[in-house]
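Since the structure comes first, as structure tokens, the remarks are kept for the end.
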Amino acid sequence: MNKPKLILFGELTDKKVNVMSSFFAIFAGLLFGLIIMIITNANESFQAFFTILFGPIGGLKSIGKVLFYSTPIILTGLSVGFAFKTGLFNIGASGQLIVGAFVAVYIGVRWTFLGPSQWIVATLCAGLAGAFWASIPGILKAYRNVNEVVATIMMNYIGIYLVTYLVKLTIYQSGRNESQRVNIDAVIPSFGLENIFGPRSVNGGFFLAIIAVIIIYIILEKTTFGYELKAVGFNRDASKYAGINEKRSIILSMIISGFLAGLAGAVIYLVGTGKAIEVKDILPAEGFDGIPVALIGLSNPIGVFFAGIFMGYIREGGFLMQRFGFKTEIIDIIIASIIYFSALVIIFKEFILKAYKNKLDKKISRGDNNG
Amino acid sequence: MEYVIEMLNITKEFPGIKANDNVTLQVNKGEIHALLGENGAGKSTLMSILFGLYQPDKGVIKVNGNEVQIKNPNDANDLGIGMVHQHFKLVHNFTVAENIILGREETEKGLLKLNEAVEKIKNLSEKYQLRIDPNAYISDISVGMQQRVEILKMLFRDSDILIFDEPTAVLTPQEIEELMKIMKELVNEGKSIILITHKLNEIKKVADRCSVLRKGKYIGTVDVKDVSMEQMAEMMVGRKINFTVDKEKANPGKVIFSVKNLNLLSPDLNRFLLKDISFDVKKGEILCVAGIEGNGQSELVKAITGLIPHKSGKFYLNDQDITDKNIRNKTLAGIGHIPEDRHKYGLVLDYNLAENLIIQTYFSDELQSKGFLKFRSIYKHAKDLINRFDIRSGKGPYTKARSMSGGNQQKAIIAREIDREPDLLIAVQPTRGLDVGAIEYIHKELIKHRDSGKAVLLVSLELDEVMNLSDRIIVMYEGEIVADLDPDKTNENELGLYMAGSKRTTVRVKRGEIDE
Ligand SMILES: Nc1ncnc2c1ncn2[C@@H]1O[C@H](COP(=O)(O)OP(=O)(O)OP(=O)(O)O)[C@@H](O)[C@H]1O
Ligand SMILES: [Mg+2]
């Protein structure tokens, strides 16, 4: 018997329902933001909201900014999402990011002897530093069954204080209370993007993020290595039974996750805009932003990519909206409520399933079902 | 007469499969009503609908003659319906009492009132002789006890319609006896029971009527006293089933696997879980380890396969010392393992069937090249096994293991292990949860495995399986081997005596003689 199908959705799979639920969460979050805006300033709220939604596609410059904001959070989202797919909750992307950032900036300031390859070395070493930082909770989890949530949070604090200390000790610019500027060779080149989007905008880091997305996707979906990592994430006992070295898998998962967060550190600081590590003891927001990006992107590398772009997009939208007198915090509210709504995903799911079924029933009763 | 439960024309569809297709079930008050059907016939689904876990696509449910909507398990509870699930739903790091009150916690000024609950649990436990300690942690108690906790949970909630989904699959014969007694007592009090089981003798023993499902469809309902087990089996699978196992006399060859002086201490180092175990398994032989649950059989298997470490003792496979090999290398050396706990060890429930079928072989050259999985071969491999072993599910190789019926999950594991053609196949309770047709098939496969010159180490709690299948029997009692028997020269009674520890043929080992 041919099953009647809706043209739009085809057969309803779990995957599709999940994706739709994510979109519902985004929609609901935006709506909630709009309500807050109406409450605070009804007159201009619609105009401002319109700007959030459509402002960023107003010009190449804004688009460039969107991609610029997106780049690091795609990487941290990928970091969190990858860990999650392999059964680990890496809350430590912030710490791994800042440790990576320090190594990147240190090399960017000091190792001028490297010449034009300075940015490559700085970027790679940033990744390795993040990997190292993440490997510690990984080892603790694998051998001592220490909960990785607790361990990575601890490593965040150790990381930020250590980095402030090391910046002061090595590459300090006391007048500005921040690190020194990186050498021009250490700035990640724009690979022509500058010509399209203008200076101080998206750079080669974006390509790096795309490459990372592709590689992580391939690892997870196509390789025996990814098969092992996911198996351990889903069921550690069964993996052990099957002869998979679960301890090694856990550690490697954390290392890869940390590498991605470390890369994000390089991407943020190896830019020509004079960005420097401030001596402030505050964990970088890009690290934590990885969590909502991973959530909205359903931990799927491709999903994370678009979720990252979306987050960059409404950040830029929020920036443009300021001219109507709204604070950019509105954007934080929207993002936060999207996360709450995605936690309510189950309800959305049922809603979608019901709507689908109703439509199907109607279709059947209309007699389309002659299979 | 009015029925307590009527499920009329229930239809429930999952992606790719109609789990229930216009099914009707009518249960009398005060009866034990058995629900019989092959693996994947839709029994658990039907009961999950009655318990509010799934919503039917079509159909009507009546409780005591009134049409009801059961939207969730709370609705079911309110209607007096309780359920013991095929795979228990207990929180392992909670105590028995905490688990039982979960979902209907009584509070006073916002604080949990646990004491009253504990009292009530104690009383109930005494009344029905369940021997449950309300303050024990679930993780510390045996499977049989966990099941009694589930039963107590229903009694605590004053349910009078009780659903048991394959309650006996995980129990020892003694525990099954007790459970049957408890069930009889409950119906005598006026409660009604729906019992799902694959064991026809249990139906014969306790059930009043029996409804049969086949491939999601309702076949009929019979009075149990009017039909024989053979007739029930035929109703269920649609063909005659052979209950006795046909096999040739074993033709054992040389020793293929041996255990030498294996000792294992309990984690608290207080007592021996395994005491000086030594035995050989020969080519072309099915050696059965018999015993009451908890006498060291699980530990023996876990030690051999490497799931738990042990200090003293050696294992030899094909004259090669494999004691210190890791699990992967033991697998490669030729050990297959059908584990006791299919959800913990046997399957990655979130992987699909095809992915589960390659869990020990994904790195072989047939299934990958240069680290990349060869999906075409993986799915072809899965389809082969699905056909060969008749694994039924909604979407074939693409079905998530989680959504498969319990028996079909078990078939998948067996298929995977037999297909690897291990020299030594360790099968722990291989037919647990399988329907009679599938059991017949699996027994044939195990014998075929034996006849191809390999060895089978079978751990089973079922006496008929032990007697029917084995070529040699060793009996374990309190971590020791107490007898080594020829099944042709013994009987179930004698076996029972050895298992209970009141008889032994081997010499007792004294504590001092063991060097750990
Ligand atoms: N949540 C689900 N999603 C998709 N398919 C399901 C789901 N639950 C059950 N099925 C499918 O419905 C069919 C009936 O399953 P069910 O668990 O009811 O069988 P059963 O009669 O209890 O079998 P068993 O004796 O093996 O426990 C199976 O083919 C199973 O794969
Ligand atoms: Mg079932």
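The values are calculated or read from the model by the stated rules, or taken from the named source; none is laboratory data. Only a predicted model underlies this, so the values are computations on that prediction, with no experimental measurement involved. Neighbour counts run over all protein chains shown; Cβ positions are idealised from the backbone, glycine included. With ligands, DNA and RNA removed, areas are computed over all heavy atoms of the protein, side chains included. Shrake-Rupley method; radii C 1.70, N 1.55, O 1.52, S 1.80 Å.
General observations
- Residue within the stretch B:300-312 that is surrounded by fewer than 21 Cβ atoms within 10 Å (Cβ to Cβ), in a strand (DSSP E or B), at pLDDT below 90 and touching a strand residue (DSSP E or B) at 6+ places or on another chain (Cβ under 8 Å) present: yes
- Number of the condition not met by residue B:264 [criteria: (1) within 16 Å of ligand 1 (Cβ to nearest atom); (2) buried (at least 20 other Cβ atoms within 10 Å of the Cβ)]: (1)
- Of A:120, A:52, A:57, all but one fail to be surrounded by fewer than 17 Cβ atoms within 10 Å (Cβ to Cβ), at negative phi and not assigned by TED's automatic domain parsing to the domain that holds residue A:160; the exception is A:57.
- Just one of the listed residues (B:446, B:458, B:485, B:497) is more than 17 Å from the chain's Cα centre (by Cα), more than 14 Å from chain A (Cβ to nearest Cβ) and either within 16 Å of ligand 1 (Cβ to nearest atom) or open to solvent by less than 10 Å² (accessible area, probe 1.4 Å) (or both), and it is B:446.
- Restricting attention to the stretch B:193-227, the residues that are open to solvent by 30 Å² or more (accessible area, probe 1.4 Å) and part of a helix (DSSP H, G or I) add up to 5.
- Just one of the listed residues (B:9, B:77) is more than 14 Å from every other protein chain (Cβ to nearest Cβ), closer than 30 Å to residue B:118 by Cβ, more than 14 Å from ligand 2 (Cβ to nearest atom) and outside any loop (DSSP other than H, G, I, E, B), namely B:77.
- Residue among A:315, A:248 that alone is open to solvent by 40 Å² or more (accessible area, probe 1.4 Å), assigned to a helix (DSSP H, G or I) and within 14 Å of chain B (Cβ to nearest Cβ): A:248
- Test: residue in the stretch A:289-296 that is among the charged types (D, E, K, R) and surrounded by fewer than 22 Cβ atoms within 10 Å (Cβ to Cβ): no
- Residue within the stretch B:241-261 that is among the hydrophobic types (A, V, I, L, M, F, W, C), surrounded by 15 or more Cβ atoms within 10 Å (Cβ to Cβ), within 16 Å of ligand 2 (Cβ to nearest atom) and more than 30 Å from residue B:330 (Cβ to Cβ) present: no
- Verdict on residue B:414 being closer than 18 Å to residue A:223 by Cα, of a type outside the set (Phe, Trp, Tyr) and either within 16 Å of ligand 2 (Cβ to nearest atom) or crowded, with 23+ Cβ neighbours inside 10 Å (or both): no
- Yes/no for residue A:218 being out of contact with any strand residue (DSSP E or B) (no Cβ under 9 Å at 6 or more places or on another chain), modelled with pLDDT of 95 or more and either outside any helix (DSSP H, G or I) or in the same structural domain as residue A:120 (by TED's automatic domain parsing) (or both): no
- Filter result (open to solvent by 20 Å² or more (accessible area, probe 1.4 Å) and at the interface with chain B (Cβ under 8 Å from one of its Cβ atoms)) within the stretch A:203-223: A:222
- Here residue B:82 passes the criteria (1) within 16 Å of ligand 1 (Cβ to nearest atom); (2) open to solvent by less than 30 Å² (accessible area, probe 1.4 Å); (3) in a strand (DSSP E or B) except the one numbered (1).
- Checking B:373, B:357 one by one, the residue that is at pLDDT 95 or above and at the interface with chain A (Cβ under 9 Å from one of its Cβ atoms) is B:373 and no other.
- In the stretch B:81-125, the residue that is nearest to the other protein chains (Cβ to nearest Cβ) out of those that are within 16 Å of ligand 2 (Cβ to nearest atom) and not aromatic (Phe, Trp, Tyr) is B:87.
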